[in-house]
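The values are calculated or read from the model by the stated rules, or taken from the named source; none is laboratory data. These numbers come from a predicted model, not from an experiment. Here the Cβ positions follow ideal geometry from the backbone for every residue, glycine too, while neighbour counts run over all protein chains shown.
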Amino acid sequence: MLARYKSFNSTILLRDLAYEIALSVREAQVYGISVHGASGLFNYAYGVHFTPGTTYTLFADINDNKQYDPNGAETVSSYAIGQRNQITSTTDCPLTTPLVVLFKRPEPDARFYRNDSALAASSVCVSVSAPDGNTRTVRIWQTGQISIE
């Protein structure tokens, strides 16, 4: 049992990370379709910005450019990924450019963007991996459904 503890612990931490990412996307969805406001205005889109590495950001798209502007005004929450885990890919391919998942009233549907371009996809995936090679994937459907694979 002691020999497998490290692998078991890594698996649990990676699963928890995948659920944390899914909850962050759900939080963006709730903010985007409800009346959560910044600066007294309630018509912003809310989204999650994913890049390769060990951070991701929940943000309010204040300037309506469909992208996260890291100047600080749009940041709602920044998340640091620990335990040497990291985001390794999105939409079933290596993550080389940022991925943005947005939600805006009155539609509960997700909108996906890479750079300034909308993605015509029914879903996107965000994969996270541990140093031992284990991976988990968070699939975000255009309909707003989120699943852990």
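Quick look at the numbers
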item: Selection within the range 76-118 - modelled with pLDDT of 90 or more, over 30 Å from Gly133 (Cβ atoms) and either in contact with an Asp or Glu (Cβ under 9 Å, 6 or more places away or on another chain) or assigned to a loop (DSSP other than H, G, I, E, B) (or both); result: Val76, Leu102, Phe103, Lys104
item: Of all residues in the range 128-149 being assigned to a loop (DSSP other than H, G, I, E, B) and free of Cβ contacts under 8 Å to residues at least 60 places away in the same chain, the one that is farthest from Thr88 (Cα to Cα); result: Thr143
item: Close pairs (8 angstrom Cβ cut-off, 6 or more residues apart or separate chains): charged (D, E, K, R) in the range 56-82, assigned to a loop (DSSP other than H, G, I, E, B) and exposed (fewer than 15 other Cβ atoms within 10 Å of the Cβ) anywhere; result: Lys66/Asp116; Asp69/Asn63; Glu74/Asn63
item: Which numbered condition His49 fails, given (1) of a type outside the set (D, E, K, R); (2) closer than 14 Å to Ile21 by Cβ; (3) in contact with a helix residue (DSSP H, G or I) (Cβ under 8 Å, 6 or more places away or on another chain); result: (3)
